[in-house]
Amino acid sequence: MVRIRIVLNYNVLANRRANDVGSENHFLKKKLIIIVVCLVLLAACHRNEEQNAEFFVFGTIVEVKLWGASQEQGDRAFTELQQMFQGMHRDWHAWEPGRLTEINQAFANGQTAKADADIVAMVRRSQEIEKLSGGRFNPAIGALIRLWGFHTSDYPVIGPPPDQASIDELLTHRPSSQDIHIDGLQLRSENPYVQLDFGGIAKGYAVDLAIGRMRELGITSAIVNAGGDLRAMGRHGDRPWKVAVRKPGGGVIGAVEVRDDEALFTSGNYERFRQDQRKRYPHILDPRSGWPVEDVASVTVIAGEGIVADAAATALVVAGLNGWPAVARALDLNQVLVVDEFGMVYLTPEMERRMQFSGDVERVIVDLSLKH
Ligand code: ADP
Ligand code: MG
């Protein structure tokens, strides 16, 4: 675009040299017209271009790409997203003092807490997903997550697991998102052991809100990608958005073309864990046993909404190798890929049709319409 401008200006100067100074006004007008044409061309060029921005939130880099948006739309979207992500970090953090820690404190004291519309929405969706997943996804187990030392950004956490008596003590109180009563923006828990931790759902809801806001700004093609957890809308020019599916232990297992308005999330047991001399204890906990789940290395889910894909991926890790098909059915999912601790892949036929595997990957197709 800059090149177009230089060439046109050069022509203006060349013309100017060839004519007398008396026609200065004529040239000024011509120059003005040419500049206007250039600006129109610039705007047109910008419409077809990709615009990118990166944000640091929830301990990861969130990359946002827009396609076909105007410069103004892009600038506005990136400024707003920066503010939105900062607000989410402040309000949803499970252990840095903020709105959520205040709510948890109020629950512990048996008091009513004031939330905001987004936290209320996350509580409502959590209640649904906790129920459908048979308690495998449960964002009320913040105290258990803290007990395991997972309220930290420094991984791996070093040291032995907590003692069984402390785990049992928390389990007997059965914290559940169903214990939370919602009245407008007021939240109250009848169980003082409920401590909200949105670690398994926040990224999902964040990408939903980001895509929703961009849509309101008139943007039709965008992708919001938080280290492989993402939601897309529209297309990447004349082709679909294409994304990598993360592999346990690093690297990618393959790629998927994301259709309009889809989210893809991977929950893994390989990046965040506690470690002692004996073994690793991953950060996704089974709320029923109080212990990490170990036979699944990662679960990737494609769903319409980020919040569903994120929570479901966590729930399916907890469901384990034997349990995931039934839980996927209960959550009405059909695009699921599971990697076990030995690297074997299990996936639904719908997911098999969409995956472009990198190299030879040993895999088993699991039809969810059959009983498991
Ligand atoms: P990842 O960090 O791989 O994206 P998840 O989306 O599964 O993983 O989120 C894991 C986080 O969710 C944990 O760090 C913790 O904060 C929280 N969590 C752990 N176990 C559960 C569970 N059973 N239900 C809901 N949230 C959980
Ligand atoms: Mg999750």
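The values are calculated or read from the model by the stated rules, or taken from the named source; none is laboratory data. Keep in mind it's a predicted model, so treat the numbers as computed, not measured. Neighbour counts are summed over all protein chains in view; Cβ atoms, including those assigned to glycine, are modelled from backbone coordinates with ideal geometry.
Summary of computed values
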item	result
Subset tally (residues that are more than 19 Å from Ile284 (Cα to Cα) and charged (D, E, K, R)) for the range 170-184	2
Test for Pro175: is it within 16 Å of ligand 2 (Cβ to nearest atom) and either among the β-branched types (Val, Ile, Thr) or touching a residue at least 24 places away in the same chain (Cβ under 8 Å) (or both)	no
Test: residue in the range 318-335 that is crowded, with 24+ Cβ neighbours inside 10 Å and either of a type outside the set (A, V, I, L, M, F, W, C) or assigned to a strand (DSSP E or B) (or both)	no
Count of the range 143-166 residues which are within 15 Å of ligand 2 (Cβ to nearest atom) and either under 20 Å from the mean Cα position of the chain (by Cα) or of a type in the set (Asp, Glu) (or both)	1
In the range 255-276, residue farthest from the chain's Cα centre (by Cα) [restricted to those that are modelled with pLDDT of 90 or more, more than 20 Å from Leu316 (Cα to Cα) and surrounded by fewer than 21 Cβ atoms within 10 Å (Cβ to Cβ)]	Asp276
Qualifying residues in the range 199-237 (those that are within 16 Å of ligand 1 (Cβ to nearest atom) and in a helix (DSSP H, G or I)) - the one nearest to Gln51 (Cα to Cα)	Val207
One residue from Met344, Met355 being more than 16 Å from ligand 2 (Cβ to nearest atom) and crowded, with 19+ Cβ neighbours inside 10 Å	Met355
Every residue from the range 221-242 that is surrounded by 24 or more Cβ atoms within 10 Å (Cβ to Cβ) and under 8 Å from the mean Cα position of the chain (by Cα)	Val224, Ala226, Asp229, Leu230, Arg231
Any hit, the range 121-138, residues being of a type in the set (Ser, Thr, Tyr), within 12 Å of ligand 1 (Cβ to nearest atom), modelled with pLDDT of 95 or more and within 21 Å of Pro287 (Cα to Cα)	yes
Count of residues meeting criterion [buried (at least 22 other Cβ atoms within 10 Å of the Cβ), of a type in the set (Ser, Thr, Tyr) and assigned to a helix (DSSP H, G or I)] in the range 100-140	1
Tally, over the range 152-198, of residues that are farther than 16 Å from Pro139 by Cα, within 16 Å of ligand 1 (Cβ to nearest atom) and not aliphatic (A, V, I, L, M)	7
Matching residues in the range 185-220 - criterion: being more than 19 Å from Leu285 (Cα to Cα), away from ligand 2 (no atom under 16 Å from the Cβ), crowded, with 21+ Cβ neighbours inside 10 Å and not aliphatic (A, V, I, L, M)	Ser189
Cβ-Cβ under 7 Å pairs, at least 6 apart or on other chains, the range 126-137 side touching a residue at least 12 places away in the same chain (Cβ under 8 Å), far side in a loop (DSSP other than H, G, I, E, B) and within 11 Å of ligand 2 (Cβ to nearest atom)	Ser126/Pro139; Ser126/Ile201; Ile129/Phe137; Glu130/Phe137; Phe137/Gly200
Enumeration of residues in the range 274-314 that are among the charged types (D, E, K, R) and near ligand 1 (Cβ under 10 Å from one of its atoms)	Asp286, Arg288, Asp310
